[in-house]
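Here is the structure we will look at, set down as structure tokens.
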Amino acid sequence: MHQDIDLKVLYFGTPVVLISTSNPDGTANLAPMSSAWWLGEQCMLGMNSGSQTTRNLLRERECTLNLPSADLAAAVDRLALLSGARELTPHKVEKGYRYEPDKFGTAGLTPGPADAVAAPVVVECPIQLECELVSSVPFDGGNRATAHTVRVLRAHVHEDLIVPGTAHIDPLRWNPLIMKFCEFFGGGEPVHTSRLARAWQIPEVAPAL
Ligand SMILES: Cc1cc2nc3c(=O)[nH]c(=O)nc-3n(C[C@H](O)[C@H](O)[C@H](O)COP(=O)(O)O)c2cc1C
């Protein structure tokens, strides 16, 4: 039997994306996000309007989207409560966020050069997409979230994931890190504890990892 329920979270399960953008001083910012979907060669990204990522995207009009496999959950979790923005909203401060200019170093991830954009790729991610910004529109009617459409310019995929002799990824070999109700999953199983879930006081039902 179904129950009528005022759901607190609608994050049913989407792949985590590490989005890299360039700061005004030329350094790189890196942020985890998961409100992302693809259609054709374009991707829609839902990002907080006050994030450093949105500011950088609107100014530089380019980014890299890096898809972590499930075994990178610990590195992603280290980025969970960080922002490249010096000024944080009271809401973010209350949730425990802090300013961090060296996101790659803090996560233990390696920046690598991209071909067509200035923002670096994440070397450890098996799938790296270089993108240009197509459009940005308010998502929620206010100014809390922005829907950015980006176009994929280049894709770099680890050879182990490619179906030999084709331009296709083998879905049996690709094990994406999934964010489901703010928890980290891989292959349908919980893979790591989530600082984001705890900050949002989401009830912990997964076994402690
Ligand atoms: C797994 C995960 C998924 C997230 N998904 C999103 C998202 O889809 N959109 C968003 O605005 N923030 C998302 N966040 C929160 C951002 O990472 C957070 O706002 C961060 O401070 C942004 O960094 P920046 O200010 O340096 O851009 C997510 C965080 C985690 C850990």
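Could you check, for the stretch 25-32, whether at least one of its residues is within 8 Å of the ligand (Cβ to nearest atom) and polar (S, T, N, Q)?
Among the residues of the stretch 25-32, at least one is within 8 Å of the ligand (Cβ to nearest atom) and polar (S, T, N, Q), which makes the answer yes.
On inspection, D77 passes the criterion of being under 14 Å from the mean Cα position of the chain (by Cα) and not hydrophobic (A, V, I, L, M, F, W, C). Of the residues making up the stretch 73-92, those that are out of contact with any strand residue (DSSP E or B) (no Cβ under 8 Å at 6 or more places or on another chain) and either in a strand (DSSP E or B) or modelled with pLDDT of 95 or more (or both) are A75, R78.
Specify the residue that is surrounded by the fewest Cβ atoms within 10 Å (Cβ to Cβ); the eligible residues are those in the stretch 53-65 that are basic (K, R) and away from the ligand (no atom under 11 Å from the Cβ). Top of the filtered list is R59. Where residues in the stretch 8-49 are within 19 Å of R98 (Cα to Cα) and out of contact with any helix residue (DSSP H, G or I) (no Cβ under 8 Å at 6 or more places or on another chain), which of them is most open to solvent (accessible area, probe 1.4 Å)? Ranking the candidates gives T27 first. Quick one: would you say P68 is open to solvent by 30 Å² or more (accessible area, probe 1.4 Å), within 12 Å of the ligand (Cβ to nearest atom) and modelled with pLDDT of 95 or more? No, not satisfied. Among the residues of the stretch 176-209, those identified as open to solvent by less than 80 Å² (accessible area, probe 1.4 Å) and aromatic (F, W, Y) are F181, F184, F185. When the stretch 85-137 is filtered for residues that are open to solvent by 70 Å² or more (accessible area, probe 1.4 Å), within 22 Å of M44 (Cα to Cα) and of a type in the set (V, I, T), only V137 remains. Note on the stretch 138-175: residues that are aliphatic (A, V, I, L, M), within 19 Å of S34 (Cβ to Cβ) and open to solvent by 80 Å² or more (accessible area, probe 1.4 Å) amount to 0. Identify, from the list L79, L45, the residue that is within 9 Å of the ligand (Cβ to nearest atom) and touching a Pro at 6+ places or on another chain (Cβ under 6 Å). Result: L79 is the single residue among L79, L45 that is within 9 Å of the ligand (Cβ to nearest atom) and touching a Pro at 6+ places or on another chain (Cβ under 6 Å).
The values are calculated or read from the model by the stated rules, or taken from the named source; none is laboratory data. Bear in mind that the values here come from a model prediction, so they are computed numbers and not experimental data. Methodologically, a virtual Cβ is constructed for each residue, glycine included, from the backbone with ideal geometry; neighbour enumeration extends over all protein chains shown. Surface areas here come from the heavy atoms of the whole protein model, side chains and all, with no ligands, DNA or RNA. Shrake-Rupley method; radii C 1.70, N 1.55, O 1.52, S 1.80 Å.
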